[in-house]
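**Q** Starting off with a structure, shown below.
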Amino acid sequence: MTTAMPISLHVNGEAVVAQVLPRLNLADFLREHLHLTGTHVGCEHGVCGACTVRVNGDIVRSCLTLAVQADNASIETIEGLSDSGEIADLQAAFRDRNALQCGFCTPGMLMAAQDLLKLESSPSRQRIREHLSGNYCRCTGYQAIVDAIETTARARIGREP
Amino acid sequence: MSAFSDGLSALDRPNSYIGKAVPRPNLERLMQGRGLYVSDMELPRMAHVVFLRSPHAHASIVAIDAAAAKRIPGVIAVVTGRELAAVVTPWVGVLSHMKGLKSAPQHAIAIGRVCWQGEAVAAIVATSRAVAEDAAEIVSVEYRELAAVTDMRTALDPETPVIHSSLGDNLAFERQLDVGAVDRAFADSDAVVEAEFVFGRHTGVTLEPRAVVADWNVAEARLTIYQGTQAPHMVQNIAALHLGLEDAQVRVICKDVGGSFGIKVHIYADEMATYALSKLLRRPIKFVADRVESFNTDIHARDHRCKGRIGVNQDGTITAFEIDDLTGIGPYSMYPRTSAIEANQIVNLVGGAYVTKNYRARARVVFQNKNVMCQYRGVGHPIACSVTEGLVDLAASKIGMDPVEIRRRNLVPDDGYPCASPAGLKFELLSHHAAMNKLMGMMDYDALRAEQAALRRSNIHRGIGIASFIEITNPSAAFYGVGGARISSQDGVAVRLDATGSVICQTSISEQGQGSESLTAQIVGSVLGVSIQRVRVILGDTDNTPYGGGTWASRGAGIGGEAALQAAKVLRSNILDVAAAILQSSPAELDIVNDAIVNADDGAPRIELKELARIVYFRPDTLPPGIQPELMATRHFVPRQYPFAFTNGVQACWLEVDTDSGFVKLLRHWVVEDCGRIINPQLVDEQIRGGVVQGLGAALFEHCIYDERGQLTNANMADYLVPMSGEMPDIDVGHVVSPTFETELGAKGAGEAGTAGAAAAVANAVNDALKPFGAVITEIPLTPQVILAALGRI
Amino acid sequence: MKASAFSYARATSVGNALELLIAHGENAKVLSGGQSLMPAMNLRLISPEMIVDIGALAELRGIAVREKVVHIGALTRHVDLARSPEIATHAPLLTQAIGHVAHPAIRNKGTIGGSLAHADPASELPACMVALGATIVVRGQHGERRIAAADFFTGIYQTALTAQELLIAVELPVLPGDSAHFFDEFARRHGDYAIVGLAAQAIVRGEVLADFRPVFFAVGDRPVLAKAASRLVYRPVTPALLSDAAAALAAELEPEGDQQASVSMRRHLAKLLLVRCVATLLGRPDLAAGGPG
C-alpha cells in the first residue's frame, strides 16, 4: 500500500508520532514535517554529506534513510546537538577560526567532526581530513575546518592549542 | 582626509576593528542549523514547481500532452512555454559595449524548440515536489530531433547547422586586439614557443542548489522574490521589466545563501518562469533545483581552447604574447551580463603582469547546443593566467632559465606605476616583485628545489609551479552599465543610531558567506567608535536597503565598504553636533570611544551614546533651541577615477606526480596577495583559500563531460568530481599591501584571487615535475589518464 | 529528486521476507542498508513497487567464529566489520579494505549482504570475498544454498541470487598462520569507487609465495581472480618474472573504458597493482622500483 504509515520515534529527545508515506526520506521528514531545517539537502544521492544526522548515535545520510526506517529510533539533528551543549566547544572553535562561510555544509560537518572526536581523541590532520572526506564544502577549502577540529581535540584533552 | 584631532584617520584609531580578525556576527545561527535559506522557506498555499526538461540537445517540440498529468491528485497546473509567454516576455543577453555581440531571444520556458539538453519545456506545479515529479514522468512530449552543434572547433564551419538562423551564423562575439609590433617582435626573438591550452568546462556546484520562492500577492499587486541572488536590485529590475511591473512592485529578499561564487548572479529561465508562475497562479511558488538539474542548468564556465605564442630572448626578455582563443558557450548568451565577458576578459588580461608591449589577441565566442555558460568565480582570470603563466614557463624552459628568474626579469617593476598594459588596463599601484619576494621566503624556494633534485634521484617526481596574476576588482560602470545593463556599479549604506544606543546599518551589498555583514560592521564600528556587538547589519532586501549593485566581481569591500565608511563618518559628525549641544562644548573637543562621547584630549567619558540617544528620541524638549538632531546618514560610493581597482598576487604549488599511476598529490600551496587595505585578515585569507581550492578542482578534477550528441554524461556528484578534504593541501597565505587612493578605505577586492591563479600554478607544477620526461601538458583537468598518456605509459 | 511511490513492509523473519519476495517477484527490492538502493531510487533509476525492509532481522546480525569458520551475518554493517576483533584476527584484508568503502556515514548503514547482493564491479567487498575464498549463504523457499564467492558474482549488478532468495550470511575459512594480505585501489578521491583495485590473500613462506590469490576489481563485470598469479607461486620472483606475470595479467583482463579510465589505463593500473602487491608481500621494494614496465 502506498498510504501513510505510522511511525513513532524520538527526535532530539522529544517523542514524535507521525503518519508518513513510505517514500518520504528522513531528511524531508525532519525538514518538512518537523520544520527542523538545520539538516540540509544538497544532492539526494548520499555524496555531499549536507544531510548528515545521528540515528541511534551513528552518523548517517538522512537522504538515504526512509522515515519509516526511523520508527523506534532516536534521531539527533544539529539543533539537538546545539541545544544540549554537546558541541559548544566545537562550534566556538569553528567561529573563532571562521571554519564556515555560507554555513550550508556546517551542520553536516559538525556532525562528522563530533563523530570523529568521539572515536579518536587525538586525530592527526590527515585523519581529520579522512573522516570528513564525505562532507563537501565549496566555500572554505577545508583547511579552517581541519584547524578548528584539531584545536577542539587538543582542548578536550587539556592541552594548549 | 582625517576628520580627527589626533591626526589619525578613522581607520587607524586605537579601538579600530580594521585589520582585525573579528568573528563574524551571524555565525551562531548558521552553526546551530537555525539559518534560513530559501530552500528552507515555506509560505501559506505555497506550491512546488518541477520543470520537465528536454532530453535532447536540439529538437523541435512537436506536441505536449499533459492531460493525464493534470489529473494526478495534487497537481495544480501544467504550463507550457506558450502559455507562460502571456505573463513573461523573452530577453536577449547582449550589451552594447560588447561590439558585435549577438544572441537570440530566450523564453522562460522553451517555445517551439529546445536548444540544450536540460532546457525546460513545461512546468508542473503541484502540492509537493514528489507529486510534481510523478506528474512530470507522464507528460508526453513529442520531439523531432535536430542536428546539434557540440564541437566549438567546427561551430563556424559552413557545414555546421546554424542554431539561430536569424543570427546568420553561430558566432556570438569576436574581439581582436593588436598592439605594438607583434610580428616583428616574434621575427626578432631568439625563440618562439607555442602551445594550445585546453580547459575543461566546469561549474560552480554550490552546496545549496538554486532556490526561489516567488510570491505574487494579487491584492497588493506586489511580487516578493525570495532568492539567494548576489544582485537583488538587478533581479528586482529585470523581474519587473519582464513581468510588466514597476520596480516598486517587486521586492527581492536574499535570506541566507548556501554558496554562490557567481552561479547565483545571473538570470535563469527557470527562475523567471517561477516568478511568472506565481503571477499566473496567484500563489507562492517554490523552485529548488535538484542536484542533477543543477549540473544541467546552473551556468557552466571556462570551456576554452586557447592557442598561445610567446617570444623570448636568451637573456630572458619576453618579446611578445599572442593568443587565439575559442570558447563554446550555450545556445544563448546569458542575461544580462552576457556570455562574452569571459572571453573579453581573457583578451584584456593575458600578459597584463608583464612589461611586454607587443600583444595580439583574437577571441571568438561560438554558440553550441550545450548548457548556457557565464561568469563563475574568477571569470576569465583563471584562463588568462593559465595561458600567460604556462607560456612564460615554456619560454623559461626553452632558454634554460629558472621560472622565477624569468618572471623577475619581466614583471612590471614595483616603482613603475601608474601605468597601463598593452590591452589598455590602467594600474594604480601593484607589487609583483614584493609579492614574489615574499613568496620565495614563505615557501623557501631554494630548499624545495634542492629537495626536488634529491628526490628525483630516487625516482620521486615533485614539481613547483609559480603563477603571477593581476585581478580586476571594484568595477565601475565600465563593466556592465556602459553597455546598457541595469546593473548598478555603485552601492550605498544607511547607518543610524537607535533609541537605546544600537547602530543599525543597511547596506546594498549582499552576503553569501564571504563576510559582507562583518566588514560593514567592522568599518562602521571603527569609524563611529562603537563596539561591534552593538552594530546590526541589514542586507539582502530591496525594500530595506539603499539601491546598489550587490556583491560580485570582488567589489563588496572596496565599494560597499567605502560607502559604509563615509556614511559612518557623517553619522559620527551628526552625533558630535548633538553631543556638543548637550554638553555645551564643540564637536572638535569631543570624540566617540567605546560607545560613549569622551573628551578628545584626555579621553574622559562625558555621556554614553545610549543616553544621548534617549535624549534625542524621547526628550528633545531638553535640547538647546533650534537643534534638529539627525542620527541617521546615508552615503553611496561609486568608483570614478579608475574603471577597476587592480590587485595582484602570486601563487605557488608544490606537488608530487606518481609517474607510474599518473596520480597527483598536492603537497602544499602558497598565495601572496596584494588586495590593498585588509579589513578582516581572517576573512580575506579564508576567501583566498576557498578560491584556491576551486582552482585546484578545475586543475585536477572538475569537468562537465559532454558526448558528441550534446548529452551531459556526468551530471551527478559521484561522476563530477569536486574537491573533497582528503585530497586538498594546506594553503599558506601572505600579503603585501598597496592600498588604492581612490577611496579613504583603500581596500581592493580579494574574493576571486585564489581561483585566478591556482590552476595555473598546478599545471606549471605538473610540467615542472615531468621535465625529466620531456612531457608538456597544456590541458586541464590533469587527470591520471592525461598524465599517463603524456608520459607515453598508455 | 524524489523516489517514486512504493509500498513498504518490514519483514519480521527471514521466512516472512521470503514470502514477500515471492509474492511480489520482480516488483520488489530488498532494503538492507539502503546505501546503494536509495540513491538509485532517489534518482528514479529504479522504481520498485514494493520495498521489503529486512533491517529488523536480528538473526542476520553478528560475527562469530565457530569451528574454523568466521560467520558474518548479512546485516553486519561495514562499520561493524571495521571494528570487529574477529575480523581483524581472521580476515585483516577486510579490515583494511573497509577503510576504502565510501565514508563513515555510509559505513554506518551499508551492510555486507547488501554490498555483495548489489555486486557493483567497482566495489571492494566482492573482490575481498573471492580473495578470502568465502562462501555466500543464501536462503530461499526451498532451503539454503552455499555458493562459493568465485561463482557468486556473474555480471554487472548480477549474482547467483534469484529474486526469491535472500543472502543471509557469509562464511570465511579461518586462515593459516602464515597468511598475508594486500589491499590497494586507485581512486581519484578518498572513498570514491575504485578505478582499479586489488584484494589479495597469500601465504608467504620465506622468500616465496606458497599461495597467491590476487583478485582485481573494477576491471570487468565482476571480480577477477588473476590466473597470471600462478606464474608467481613456488618460485623465486625476479623482476623479469614479475614483468611476465604482469603482461599475462594485462592479456587476461578485459576492462571497460569510461570517463575515469580508458581500457589501456585500466590494464596499466592493474599491472602496477600486481607489481606493488608482490613487492609488498615479499618485502622486496626492489621489485616495485621500475614500475610495471
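**Q** Among B:592, B:603, B:571, flag the residue with its Cα farthest along the positive direction of the charge dipole of the stretch B:552-623, charges on Cβ as +1 for Lys/Arg and -1 for Asp/Glu.
**A** Result: B:571, furthest along the dipole toward the positive end.
**Q** Moving on. Enter the accessible area per residue of chain B (Å², integer; probe 1.4 Å; all protein chains in place).
**A** Working: 25180 Å² over 794 residues.
For chain B, the per-residue accessible area is 32 Å².
**Q** So, R0 is 35 Å and r is the distance between the beta-carbons of residue B:499 and residue B:282; what FRET efficiency does that work out to, to 0.05?
**A** That gives a FRET efficiency of 0.30.
**Q** ³J(HN,Hα) across the stretch C:146-160 via Karplus (A = 6.51, B = -1.76, C = 1.60, θ = phi - 60°), whole Hz, x for Gly/Pro?
**A** Each residue of the stretch C:146-160 in turn: 10, 10, 5, 3, 4, 9, 7, 8, 10, x, 5, 6, 10, 9, 6 Hz.
**Q** Moving on to the next point. Grab every C-alpha pair in chain C, bin the distances at 10 angstrom width from 0 up to the longest one, and report whole percents.
**A** 7, 28, 33, 22, 8, 2, 0
**Q** How many lysine pairs does chain C hold where the Cα atoms are under 22 Å apart and the two sit 8 or more places apart or on different chains? Walk me through the intermediate numbers first.
**A** On the way: C:2/C:29; C:2/C:109; C:29/C:109; C:227/C:271.
Qualifying lysine pairs in chain C: 4.
**Q** Rounded, prolate or oblate: which fits the stretch A:5-81 when a ≥ b ≥ c are the square roots of the eigenvalues of the alpha-carbon gyration tensor, with rounded for a/c under 1.5 and prolate only if a/b beats b/c? Don't skip to the answer; put the middle values down first.
**A** Details: a/c = 1.58, a/b = 1.22, b/c = 1.29.
Verdict is oblate for the stretch A:5-81.
**Q** Something else now. Distance in nm between label sites at residue A:120 and residue B:218, each 7 Å beyond Cα in the beta-carbon direction?
**A** With each label point 7 Å from Cα toward Cβ, the separation is 6.0 nm.
**Q** Let me ask something else about it. Kindly provide the pair-distance distribution of the stretch B:338-427 built from C-alpha pairs, with 5 Å bins from 0 and whole-percent values in order of increasing distance.
**A** Spelled out bin by bin, the stretch B:338-427 gives 3, 12, 20, 21, 18, 12, 7, 4, 2, 0 percent.
**Q** Above 26 angstrom, tally the Cα pairs of the stretch B:490-637 and express them as a % of all pairs, no decimals.
**A** 26 percent
**Q** Computed on protein heavy atoms with a 1.4 Å probe, what is the summed buried accessible area for the chain pair B and A, in Å² to the nearest 100? Can you show the working numbers first?
**A** Values: alone 28300 and 8300 Å², together 32420 Å².
That pair of chains buries around 4200 Å² in total.
**Q** Let me ask another. With +1 on each Lys and Arg Cβ and -1 on each Asp and Glu Cβ, how big is the dipole of chain B about its Cα centre, in debye rounded to the nearest 20?
**A** Working: 71 positive and 88 negative charges, 220 e Å.
Its charge dipole is roughly 1060 debye.
**Q** Can you work out ³J(HN,Hα) from phi for every residue in the stretch B:51-66, in order, using Karplus 6.51 cos²θ - 1.76 cosθ + 1.60 and θ = phi - 60°, giving whole Hz and x for Gly and Pro?
**A** Here the 3J(HN,Hα) series is 9, 7, 10, 5, x, 10, 6, 7, 6, 7, 8, 7, 7, 10, 10, 10 Hz.
**Q** Straight-line reach from residue B:610: which lysines have a Cα under 20 Å away, not including same-chain ones fewer than 8 places off?
**A** Counting by Cα, and skipping residues close in sequence, residue B:610 has these lysines nearby: B:569.
**Q** Which far-off residues, 5 or more places away or on another chain, put their amide H under 5 Å from the one on residue B:419, with H placed in the peptide plane?
**A** Those lying under 5 Å, H to H, from residue B:419 are B:427.
**Q** Show that you can apply the helix-only estimate: for the protein assembly as shown, add -39,500 (n - 2.57) for every DSSP H stretch of four or more residues, divide by all residues, and state [θ] at 222 nm to the nearest 500.
**A** Details: 36 runs with 359 residues, N = 1248.
So the helix-based figure for the protein assembly as shown works out to -8500 deg cm²/dmol.
**Q** In Å and on Cα atoms, what radius of gyration and Dmax does the stretch A:87-156 show?
**A** 10.5, 28
**Q** While we're looking at this one, here's another question. From the backbone phi of the stretch C:231-242, what are the Karplus-calculated ³J(HN,Hα) couplings (6.51 cos²θ - 1.76 cosθ + 1.60, θ = phi - 60°) in whole Hz, Gly and Pro given as x?
**A** So the Karplus estimates, Gly and Pro as x, are 5, 10, 8, 6, 8, x, 8, 9, x, 5, 5, 5 Hz.
**Q** Report, please, the projected area of chain B averaged over directions, based on the convex hull of its C-alpha atoms, in nm². Write down the numbers at each step before the final one.
**A** Working: hull surface 143.2 nm².
Averaged projected hull area, Cα only: 35.8 nm².
**Q** So, one more: Under a 5 Å amide H to amide H cut-off, with H placed in plane at 1.01 Å, what residues pair with residue C:8 once short-range neighbours are removed?
**A** Amide H to amide H, under 5 Å and 5 or more residues apart or across chains, residue C:8 pairs with C:51.
**Q** Let me ask another. If the limit is 20 Å between Cα atoms, which of B:665/B:771; B:307/B:398; B:255/B:286; B:398/B:771 go over it? Don't skip to the end; give the middle numbers.
**A** Numbers: B:665/B:771 17 Å; B:307/B:398 18 Å; B:255/B:286 14 Å; B:398/B:771 12 Å.
Those over the limit do not exist; all pairs fall within it.
**Q** Also: Would you mind getting me the FRET efficiency between residue B:398 and residue B:709? Use the beta-carbon distance for r and R0 = 51 Å, nearest 0.05. Provide the component values of the computation, followed by the final result.
**A** Working: r = 41 Å, r/R0 = 0.80.
The value I calculate is 0.80.
**Q** Taking beta carbons within 10 Å but only from partner chains, what does the mean come to for residues C:261-269? List each step's numbers first, then the result.
**A** Working: counts 6, 4, 1, 5, 9, 1, 1, 8, 7.
Averaged over the peptide's residues, the number is 5.
**Q** Rg (Å, one decimal) plus Dmax (Å, integer) for the alpha carbons of the stretch B:665-735?
**A** Just the Cα atoms of the stretch B:665-735 yield Rg and Dmax of 15.8, 50 Å.
**Q** Also: Would you mind pulling out the separation of the Cα centroids of the stretch B:124-182 and the stretch B:345-401, in Å?
**A** First find each Cα centre; the distance between them is then 25 Å.
**Q** Nearest 20 debye, what's the magnitude of the dipole of the protein assembly as shown about its Cα centre given +1 on Lys and Arg Cβ and -1 on Asp and Glu Cβ?
**A** Values: 112 positive and 133 negative charges, 151 e Å.
Approximately 720 debye in magnitude.
**Q** Rank B:688, B:199, B:37 by how far each Cα sits towards the positive end of the charge dipole of chain B (+1 on Lys, Arg Cβ; -1 on Asp, Glu Cβ) and give me just the farthest.
**A** In chain B, that residue is B:37.
**Q** Under 19 Å from the Cα of residue B:426, which lysines turn up, not counting those fewer than eight places away in the same chain?
**A** By straight Cα distance, residue B:426 reaches B:357, B:748.
**Q** Which residues in the stretch C:224-252 place their backbone N less than 20 Å from a point set 7 Å from the Cα of residue C:151 along the Cα-to-Cβ direction?
**A** Residues passing the 20 Å test: C:224-227.
**Q** Keeping all protein chains in place, calculate the accessible area per residue for chain C (probe 1.4 angstrom), answer in Å². Walk me through the numbers on the way to the answer.
**A** On the way: 11100 Å² over 293 residues.
About 38 Å² of surface per residue is accessible.
**Q** A follow-up question, please. Per residue, how much accessible surface does the stretch A:5-81 expose to a 1.4 Å probe? Answer in Å², no decimals.
**A** Working: 2190 Å² over 77 residues.
Value returned for the stretch A:5-81: 28 Å² of accessible area per residue.
**Q** If you don't mind, there's one more thing I want to ask. Can you give me the Rg/Rh ratio for the protein assembly as shown, using Cα atoms for both radii and the Kirkwood formula for Rh?
**A** Values: Rg = 31.5 Å, Rh = 32.3 Å.
When Rh is taken as the Kirkwood radius, the ratio is 0.98.
**Q** Further question on the same structure: To the nearest Å, what is the center-to-center distance of the stretch C:179-202 and the stretch B:557-593, using C-alpha atoms only?
**A** Using only Cα atoms to place each centre, the spacing works out to 66 Å.
**Q** Please give the charge dipole size of the stretch A:5-81, origin at the Cα centre, charges +1 on K and R Cβ atoms and -1 on D and E Cβ atoms. Round to the nearest 20 debye. If you can, show how the numbers build up before the last one.
**A** Details: 4 positive and 8 negative charges, 26 e Å.
The dipole magnitude comes to about 120 debye.
**Q** Further question on the same structure: If you take each beta carbon of peptide A:45-57 and count the beta carbons of other chains within 10 angstrom, what is the mean?
**A** For peptide A:45-57, the averaged partner shielding equals 5.
**Q** I would also like to ask the following. Could you work out the equivalent-ellipsoid semi-axes for the stretch C:74-221, taking the square root of 5 times each eigenvalue of the Cα gyration tensor, largest first, in whole Å? Don't skip to the end; give the middle numbers.
**A** Numbers: eigenvalues 104, 69, 48 Å².
Semi-axes from the Cα gyration tensor: 23, 19, 15 Å.
**Q** A further question follows. Which percent of the accessible heavy-atom area of the protein assembly as shown goes to carbon and sulfur, probe 1.4 angstrom? Before the final figure, lay out each step's value.
**A** Working: 20780 of 41300 Å².
With neighbouring chains kept in place, the figure for the protein assembly as shown is 50 percent.
**Q** Measuring from the lowest to the highest alpha carbon on each principal axis, how far does the stretch B:32-87 reach, largest first, in angstroms?
**A** 50, 29, 23
**Q** OK, next. Any idea of the total accessible area buried by the B-C contact, 1.4 Å probe, rounded to 100 Å²?
**A** Values: alone 28300 and 13500 Å², together 39500 Å².
The B and C chains share an interface burying roughly 2300 Å².
**Q** Also: Which residues of the stretch B:762-794 show a drop of at least 20 Å² in accessible area when all protein chains are present, compared with their chain alone (probe radius 1.4 Å, heavy atoms only, ligands and nucleic acids excluded)?
**A** B:784, B:785, B:788, B:793, B:794
**Q** Leaving ligands and nucleic acids out of the surface, order A:136, B:547 by accessible area at 1.4 Å, largest first.
**A** Working: A:136 0, B:547 95 Å².
Greatest to least solvent exposure: B:547, A:136.
The values are calculated or read from the model by the stated rules, or taken from the named source; none is laboratory data. Since this is a predicted model, take the numbers as computed values, not measurements. Reconstructed Cβ throughout: ideal geometry from the backbone, glycine too, with neighbour counts over all protein chains shown. Calculation scope for accessible area: heavy atoms of the full protein, side chains included, ligands and nucleic acids excluded. Shrake-Rupley method; radii C 1.70, N 1.55, O 1.52, S 1.80 Å.
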